[in-house]
1. In square angstrom, what is the accessible area per residue of region 77-224 with a 1.4 angstrom probe?
2. Would you please put 272-279, 243-250, 158-165 in order of how densely packed they are, using the mean number of other Cβ atoms within 10 angstrom per residue and starting with the highest?
3. So, with a 1.4 angstrom probe, what is the percent of accessible area on region 48-91 that is carbon and sulfur?
4. Just need the Rg to Rh number for region 50-200, please, alpha carbons only, Kirkwood Rh.
5. From the Cα gyration tensor of region 33-108, with a ≥ b ≥ c the square roots of its eigenvalues, which class applies: rounded if a/c is under 1.5, or else prolate if a/b is larger than b/c, or else oblate?
6. Evaluate E = 1/(1 + (r/R0)^6) for Val154 and Thr53, where r is the Cβ-Cβ distance and R0 equals 51 Å; express this FRET efficiency to the nearest 0.05.
7. Could you give log10 I(q)/I(0) at q = 0.29, 0.32 Å⁻¹ for region 74-115, computed by the Debye formula over C-alpha point scatterers of equal weight, without solvent?
8. Please state, rounded to one decimal and in Å, the Kirkwood hydrodynamic radius that region 161-200 gives when every pair of distinct Cα atoms enters the mean of 1/r.
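The values are calculated or read from the model by the stated rules, or taken from the named source; none is laboratory data. Given the structure is predicted, the values throughout are model-derived calculations rather than measurements. A quick note on method: Cβ atoms are made from the backbone with ideal geometry, for glycine too, and the neighbour counts reach across all protein chains shown. Ligands, DNA and RNA are excluded from the accessible area calculation, which covers all protein heavy atoms including side chains. Shrake-Rupley method; radii C 1.70, N 1.55, O 1.52, S 1.80 Å.
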Amino acid sequence: MALSPLKTTAMALVEANWGLLSVESAPIAGYQYVGRGWCVNVKGTSFPFAFITAPSVGKCATACKDSYSSEDAFIGINFLTGDDPVCNCMMDWSGNGKIVGAKGARDRLCYSYNEAVIMVEGYKYRGKGWCQRSEGEYYAYARVEANHLKECAVACTDRYSSDETFVGINFDPANNHRSEHCKCMFDKKGVGKITNSRGNNDELCYSYDKAVTHIDGYEFVGKGCCANSEGIYYDADYAPADSIEQCTELCEGEYDSSEKFVGINFDPLVDNCNCMLDLHGNGRITDTEPGPGNTTCPDYLCYSRIETRHSEARRTKGRSPTSPEGYSGSGKIAHLM
């Protein structure tokens with residue numbers, strides 16, 4: 001699978017008073033960030049929409065929800081950023097299924113509507129229906145007894161978390177049989193992690209996202225916004241990534257030869273990858289902080305980069321150090337998207 005290119009401009013810069021946070025993948029209650037581009041279904045087909053006037057992605061989400069949440073056809077939003085913002089309430093009037101991806105039109109933000117989604121620690125909600133890959137691949141499963149969603153997650157985690165093929169759960173809240181509510185999902189064919197759901201029934205699909213993954217050449221610092229020992233944040237370049245491993249590959253591919261590259265902040269809940277850059281001499285990442293102002297990042301995984309032979313070998317290939325173009329600003333810079 002081709003990796004998405006990193007943006008070469010510093011994303012999510014905020015003013016000194018923390019008053020202006022980037023809209024990039026900002027968490028919105030009742031919605032799940034999908035990516036940049038037109039919202040599409042599993043076949044790559046876009047959806048019709050209803051137009052609403054809204055100045056920001058948050059107000060777009062609220063306006064669409066207020067106007068259309070009572071309709072089964074309402075499935076999400078597309079928001080055009082820029083000087084002339086446009087809000088589109090995405091509608092499935094033809095039975096094309098749920099929003100599972102975004103393509104083209106990089107100036108648009110796509111969110112799927114998932115009202116009343118239950119958050120489960122260590123898991124990410126992928127939608128209703130059978131768990132699958134975006135290519136349509138399905139998974140093997142084993143049933144365990146559980147009456148409730150979180151009981152299902154705990155049972156599967158306790159029993160199978162050490163199994164490298166364990167990738168998530170399907171939970172059927174409508175099934176009357178305790179032994180048939182919960183399915184622990186396994187990738188026995190090597191197709192990869194769960195990325196979405198089929199939308200063919202009311203089963204709840206969650207992918208399993210391990211809390212901490214060892215990354216060669218990096219030290220796990222903790223959950224939160226990466227900071228130095230004085231609580232100062234770093235600049236960041238953003239790219240969408242499906243996993244911490246892909247995030248690492250993206251960041252190293254762009255910045256491994258640069259001494260400014262000091263680590264990674266990855267949000268497994270919305271697949272946000274942030275390549276942390278020290279543009280102001282703040283030093284090595286040693287700590288995590290809750291986030292600037294009213295912004296928090298409790299689920300972000302912070303990794304500090306350490307020198308390795310792997311990094312040194314890359315430098316011998318003649319790559320020159322790089323840094324984001326178009327950077328402006330000074331002082332503490334937040335990197336949340």
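1. 49
2. Ranked from most to least packed, the peptides come out as 272-279, 243-250, 158-165.
3. Working: 1010 of 2060 Å².
Heavy-atom surface of region 48-91 belonging to carbon and sulfur, 1.4 Å probe: 49 percent.
4. My calculation of the ratio gives 1.04.
5. Here region 33-108 falls in the oblate category.
6. 0.70
7. Result of the Debye calculation: -1.08, -1.19.
8. Here the Kirkwood hydrodynamic radius works out to 11.6 Å.
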